[in-house]
Amino acid sequence: MQQVSRGGLAIAQQIAHVYQGHPAVATVMVSGSVARGIADHYSDLEIGVFWHTPPSDQARQEAITALNGELWSFTPSVSEPTSIVSEHYGLHSVSIQDHTYAGLVMIDTKHATVAGVDTVLRDVLEDNDTNAAKHILLAAIVDGIPLVGTPLLTAWQARARTYPLSLAVKVIQEHFWFGPWFIPQAYIERDDRLVFYQHIIWMQQNLLHVLAGLNRVYYPSAEYKWMEATVDSFSIKPTNLSARLKQILQADPAVSIKDMMNLINETILLVEQHCPEVNQLPMFEDHPEITTTWAQQRWLPRSPYSLLTIVGVALEL
C-alpha cells in the first residue's frame with residue numbers, strides 16, 4: 001500500500017473508534033482508493049458504516065461532532081432498510097499515537113443496514129440484477145478493509161466473489177451495444193468533434209463493462225474514475241488496453257475510430273473465447289439476437305444516405 005493510502009487507513013482507523021461499541025453498528029470498513037492502495041493527494045476517505053437498524057440523524061451527527069468534523073453535506077436518514085444515506089465533512093486534524101496531525105481531508109461516509117446489503121447480494125447474485133449502484137456497493141465491499149466487525153464483512157466478501165456465470169452473461173449482453181449506433185464518417189467529415197468523442201466515450205465505457213462482466217468483476221465507479229487501476233484488475237483484456245484507450249481520446253478522429261473498432265473486435269473475440277455462453281444463453285427476452293456475431297455486424301461500415309443528394313442534384317439541372 002502506497003504512502004497516501006497508508007495515511008488514509010490510519011485516519012480511517014481513528015474514525016472507526018467513534019463507531020466501535022455502538023450497539024447498532026455491525027461493521028465498519030474503509031473503501032475506495034485508500035482500500036485499493038491507489039489514493040493520491042486529491043483523494044477523499046470513503047468510510048462504510050453498516051447498521052443493524054437504520055441509523056438516526058442524531059447518531060450520525062454525534063459521530064461527526066466527536067471527530068471535530070466540519071459538516072459539508074448531509075442526507076437525512078430514512079426508515080427504509082435498503083436505503084443508503086451519506087454525509088461529507090472536512091477533517092482538519094487527527095490524533096494518532098499521541099501525535100496530532102493538521103491538514104484537511106474530506107470524509108465521505110455511507111451508511112447502510114445489514115438487511116440492505118443482504119438484499120443487494122440476493123438481487124445481484126440470485127436475480128442477476130445489473131443495477132449500477134448495487135454493483136458499485138458490492139465492488140466497495142469486495143475491496144473494503146474491515147475496521148470494526150471483521151467476520152461480517154469477510155462473509156459478505158466471500159458471497160460477493162461468487163459472481164455467477166448468468167450475471168456475467170447478462171452484463172456482457174447489456175453492454176454489447178457498445179453505446180448508441182452512429183455513423184462515424186459523418187462526424188469526421190463534418191469535423192463535428194464534440195459529438196464524435198462523446199460516442200467514443202460511450203463506446204469505451206460499454207467496453208469496460210463488457211470486460212468487467214467477462215472477468216466477473218463489479219464495475220466500481222459511476223464516474224469511471226481510476227480507469228487504469230480498474231483495467232489492471234482484469235486478467236482477460238486486449239493487450240495494452242489502458243494505453244490504447246487513452247490514445248484513442250487523443251488521436252485524430254479518423255485514427256480514433258479505427259483503433260476503437262479494433263479494440264471492440266478484440267473484446268468480442270475474447271468473449272467468444274472465454275464466455276461462449278453469451279451466444280447460448282439470452283438474458284433479455286426482448287433482445288435474443290445479442291450474440292458475438294450480432295455485435296460484430298452492428299459496427300460494420302455503412303454507406304452514407306443518398307436520396308437527399310440525388311434529389312438536390314436533379315433539381316439543379
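The values are calculated or read from the model by the stated rules, or taken from the named source; none is laboratory data. This structure is a prediction, so every number in the text was calculated from the model and none was measured. Using ideal geometry, Cβ is built from the backbone for each residue, glycine included, and neighbour counts are taken over all protein chains shown. With ligands, DNA and RNA removed, areas are computed over all heavy atoms of the protein, side chains included. Shrake-Rupley method; radii C 1.70, N 1.55, O 1.52, S 1.80 Å.
Averaged over its residues, segment 247-301 has an accessible area of 56 Å² per residue, based on protein heavy atoms and a 1.4 Å probe. In terms of accessible area, using a 1.4 Å probe and ignoring ligands and nucleic acids, W181, W294 rank largest first as W181, W294. Ligands, DNA and RNA left out, the accessible area of the chain computed with a 1.4 Å probe is 55% carbon and sulfur. Reducing segment 1-27 and segment 66-141 to their Cα centroids gives an inter-centroid distance of 12 Å. Each part reduced to its alpha carbon centroid, segment 144-171 and segment 206-239 end up 17 Å apart. Close Lys pairs in the chain, defined as Cα atoms under 25 Å apart and 8 or more places apart or on different chains, number 13.
Computed from backbone phi with θ = phi - 60° and the Karplus coefficients 6.51, -1.76 and 1.60, the 3J(HN,Hα) list for segment 226-240 is 6, 4, 5, 5, 5, 4, 4, 7, 8, 8, 10, 5, x, 5, 6 Hz; x is used for glycine and proline.
The value given for segment 266-317 is a Kirkwood hydrodynamic radius of 14.0 Å, derived from the mean inverse Cα-Cα separation. Around L104, what is the net charge, scoring Lys/Arg as +1 and Asp/Glu as -1 over all other residues with Cβ under 15 Å from its Cβ? Taking every Cβ under 15 Å from that of L104, the sum is -4. Summed over the residues of segment 29-83 and divided among them, the accessible surface reaches 50 Å² per residue at a probe radius of 1.4 Å.
For the chain, leaving out every one of the GluC sites (Glu not before Pro) that falls in a DSSP loop and has at most 14 other Cβ atoms within 10 Å, the longest unbroken run is 1-222. Over the residues of the chain, the helix contribution to mean residue ellipticity at 222 nm works out to -15500 deg cm²/dmol, using -39500 (n - 2.57) for each DSSP H run of at least 4.
Tell me, what is a quarter of the convex hull surface for the C-alpha atoms of segment 147-238, in nm² with one decimal? Present the calculation step by step, with values, prior to reporting the outcome.
Details: hull surface 31.1 nm².
Dividing the Cα hull surface by four gives the mean projection, 7.8 nm².
Ligands, DNA and RNA aside, S235 has an accessible area near 100 Å² when probed at 1.4 Å. Prolate is the label for segment 98-163. Its Cα gyration tensor axes, ordered a ≥ b ≥ c, give a/c of at least 1.5 and a/b above b/c. Summing charges over all other residues whose Cβ lies under 9 Å from the Cβ of D123, with Lys and Arg as +1 and Asp and Glu as -1, gives -1.
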